[in-house]
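The values are calculated or read from the model by the stated rules, or taken from the named source; none is laboratory data. Bear in mind that the values here come from a model prediction, so they are computed numbers and not experimental data. Using ideal geometry, Cβ is built from the backbone for each residue, glycine included, and neighbour counts are taken over all protein chains shown.
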Amino acid sequence: MTDTLPAEFFTAPGASPHEATAELRAKCPVHRIDYPPGAEAYAVLGHQAVAEALGDPRLSKRVESLPTRYREKAHADSLLMVRNLGFADPPEHTRLRKPVSRAFVPGRIAGLRPRIQEIIDELIDAFPESGEVDLLDAFALPLPLTVISEYLGIPVCDRPLFQQWGYVLSQDPFQYPESELKAATDEFLAYFGRLVAERRANLRDDLLSDLVRGRDSGVFVNDRELYSTILLLLIAGHKTVANMLGNGTALLLCHPEQLAKLRATPELVPSAVEEILRYEGSASWASLRIAAQDLRLGEVEIPEGSFVHLSLAGAGHDPEVYEDPERFDVTRYPNHHLAFGHGPHFCVGAPLGRLQGELAFTTLLRRLPDLALAVAPEEIAWLSDSSLSRGLEALPVRVGRRLP
């Protein structure tokens with residue numbers, strides 16, 4: 001018999017979810033959970049079970065697979081949960097993924113390296129002379145938001161709008177205020193409606209133009225799919241990367257021996273990025289899955305129509321896969337984490353996220369040799385208002401010397 005977990009286990013994991021997850025995972029990798037209210041739902045905590053579930057075609061990502069009352073609410077309140085590459089099954093998923101995946105092939109992403117490095121250096125140059133700064137506001141958030149905005153071809157000057165919309169529209173529609181979701185959706189659609197009309201009149205060499213071409217050629221069968229895809233790219237392109245940069249910097253500053261190892265051997269930075277993603281990834285949970293038929297995960301029978309919540313954090317700390325999983329080790333190898341997913345829904349933006357992480361951490365270590373926390377480690381506050389994201393509220397640091 002598995003435990004039935006309270007909704008808070010999913011909606012508010014807190015600062016240290018790993019200990020509670022470890023105890024439950026040791027009993028059974030799958031548990032019933034009281035979320036959303038009144039629905040049959042399960043949490044999957046073990047690495048093997050999560051990996052299998054991520055690639056299992058019996059677990060649907062279509063909003064149409066939701067029980068009726070949840071399906072109606074998602075369609076009414078959530079632009080993000082309209083059919084896009086994140087919320088579709090084959091063959092629709094294959095159709096929607098093609099125009100996006102072409103834009104994120106490693107070779108094309110590698111061409112962005114000089115510009116990303118330039119943005120990183122500009123942000124560090126702009127740190128205040130006082131020597132203390134919130135690294136989230138000054139670096140971790142603006143870097144990926146600038147990168148994805150420029151890549152899409154949308155005005156970087158409107159970055160505060162994108163950040164606000166991304167925050168509200170990525171919230172769980174089953175627990176976030178309906179009026180706020182609707183207001184942000186209306187603003188988003190009005191803004192991008194103007195931009196899409198401009199691109200139709202004057203196509204450019206940018207990703208937004210590629211997406212408009214996709215709509216006009218029938219890849220996107222309606223405007224809602226187009227706008228939902230734009231929103232997904234904005235959220236995934238900045239929020240998840242920002243979390244990785246914030247979480248990773250905090251981890252390094254809280255583990256001085258690992259920080260010293262990286263300073264001495266910068267070639268380890270790509271390995272460190274993978275360990276950051278495993279240890280404290282950008283998302284605690286994978287996105288929506290619904291059982292499209294009765295199935296069995298581990299030793300647990302899951303009925304058709306059930307919500308299935310996949311714990312990426314739980315998978316990343318599974319001792320069956322990782323030796324001493326609570327040890328943060330920038331040299332860990334192999335490191336087959338699931339932070340970017342697995343199977344057909346593996347994150348198309350993984351090459352861009354990894355590149356930003358590698359360049360950002362390499363440059364922070366090189367240019368800021370005295371970088372240190374401005375608060376005690378236990379005072380670092382984690383966001384607790386999102387069921388999916390795993391990130392910090394703020395990261396106060398002392399900058400110290402700033403090298404060229």
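Structure notes:
- Scanning segment 37-54 for residues that are surrounded by fewer than 23 Cβ atoms within 10 Å (Cβ to Cβ) and not aliphatic (A, V, I, L, M) yields PRO37, GLY38, GLU40, GLN48, GLU52.
- Close Cβ contacts (under 8 Å, 6 or more residues apart or on different chains) running from residues in segment 322-333 that are charged (D, E, K, R) to residues that are in a loop (DSSP other than H, G, I, E, B) comprise GLU326/HIS317; ARG332/TYR322.
- Scope segment 265-321; condition outside any strand (DSSP E or B) and in contact with a Cys (Cβ under 8 Å, 6 or more places away or on another chain); matching residues: GLY298, GLU299
- Among the candidates LEU352, LEU383, residue that is closer than 19 Å to LYS239 by Cβ, of a type in the set (A, V, I, L, M) and free of Cβ contacts under 8 Å to residues at least 24 places away in the same chain: LEU383
- Taking the criterion of being of a type outside the set (A, V, I, L, M), surrounded by 15 or more Cβ atoms within 10 Å (Cβ to Cβ) and either over 15 Å from ASP134 (Cα atoms) or in contact with a Pro (Cβ under 8 Å, 6 or more places away or on another chain) (or both), the residues of segment 375-404 that qualify are SER386, SER387, SER389, ARG390, ARG402.
- Within segment 126-148, the only residue that satisfies the criterion of being in a helix (DSSP H, G or I), farther than 15 Å from LEU233 by Cα, in contact (Cβ under 8 Å) with a residue 60 or more places away in the chain and not hydrophobic (A, V, I, L, M, F, W, C) is ASP137.
- Within segment 285-334, tally of residues that are polar (S, T, N, Q) and either more than 25 Å from the chain's Cα centre (by Cα) or over 20 Å from PRO17 (Cβ atoms) (or both): 3
- When residues of segment 145-169 are limited to those that are in contact with a Ser or Thr (Cβ under 7 Å, 6 or more places away or on another chain) and modelled with pLDDT under 90, the one surrounded by the fewest Cβ atoms within 10 Å (Cβ to Cβ): VAL156
- Yes/no for LEU203 being out of contact with any His (no Cβ under 6 Å at 6 or more places or on another chain), without any contact (Cβ under 8 Å) to a residue 40 or more places away in the chain, surrounded by 14 or more Cβ atoms within 10 Å (Cβ to Cβ) and part of a loop (DSSP other than H, G, I, E, B): yes
- Residues located in segment 318-337, provided they are of a type in the set (Phe, Trp, Tyr) and loosely packed, with under 13 Cβ neighbours inside 10 Å: TYR333
- Any chance ARG25 is among the charged types (D, E, K, R) and in a helix (DSSP H, G or I): yes
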